[in-house]
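Single-structure report; data block below.
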Amino acid sequence: TQPKREVAQAGWQIGLGCLPIAVVGLAVEQPQLAALSSIGWASMLYMTLIQFCLCYVCWFAALERLPAATASLGTLLGRVVGVLAGGRVADMLAARGRRDSALRVGIIGALGMLVSATAYPLADSATVVVAWLVVVNFFAAFPWGAASAGAAQIVPPAMRAQGVALYGFVTSLVSLGL
């Protein structure tokens, strides 16, 4: 059960990295957690459990099949392009008057992850694994920028820093610690 131990270690490393941000956010601003709507809470949980967690599950599955250097190439390439593309799509949707552009980018990312993460374990060769890994990571990273911006938009202005810090903290601890 080596992958479970690695997932837990990564979760603690990233979670502890987000902890100081959450502490400073709570110290600087007055939290009003009751002001966050149920849709806001559901959005944060969805982005945490679907996008972030599934990406790490796929990462550790790749490490079981490929050398770390090969797997990391696909991870880095797909994520960088995915974040940039997701931000661009969110900006284009917002420019067209779509107030829910961050949510739409999240839906596109989720659908892309659903397809690619389903096909990924069925790959029979290392080349196909790497190709699917790029696609999986592209769609996993696609909503990251928009999700952080969306987390800031769905909470009241008085607690925006806490909302984003809480999003990062919960995402790290919950999704990587599973």
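A simple spin-label model places the labels of Arg160 and Val24 1.7 nm from each other, with each point 7 Å out along Cα-to-Cβ. Full extension of the chain between Ala35 and Ala131 yields a length gain of 30.3 nm, computed as 0.36 nm times the residue separation minus the alpha carbon distance. Using the average count of surrounding beta-carbon atoms within 10 Å as a protection proxy, the listed peptides 79-92, 141-154, 102-115 rank, highest first, as 141-154, 102-115, 79-92. Treating r as the C-beta distance of Arg98 and Ala69 and R0 as 41 Å, the FRET efficiency rounds to 0.55. Considering only Val115, Ala90, Leu76, the residue lying farthest towards the positive end of the dipole of segment 59-116 is Ala90, judged by Cα position with unit charges set on Cβ. Scanning residues 5 or more positions from Gln32 or on other chains, none has an amide H under 5 Å from its amide H, with H placed 1.01 Å from N in the peptide plane. 3J(HN,Hα) along segment 130-141, derived from phi through the Karplus expression 6.51 cos²θ - 1.76 cosθ + 1.60 where θ = phi - 60°, amounts to 5, 4, 5, 4, 4, 5, 4, 5, 4, 6, 5, 7 Hz, with x in place of Gly and Pro.
Computed over segment 105-178, relative contact order equals 29 percent, with contacts defined as Cα pairs under 8 Å that lie 6+ residues apart.
Laboratory data are not the source of any read-out in this text; all were calculated from the coordinates shown. Remember, predicted model here, so these are calculated numbers, not experimental data. As a convention, Cβ positions derive from the backbone with ideal geometry for all residues, glycine included, and neighbour counts pool all protein chains shown.
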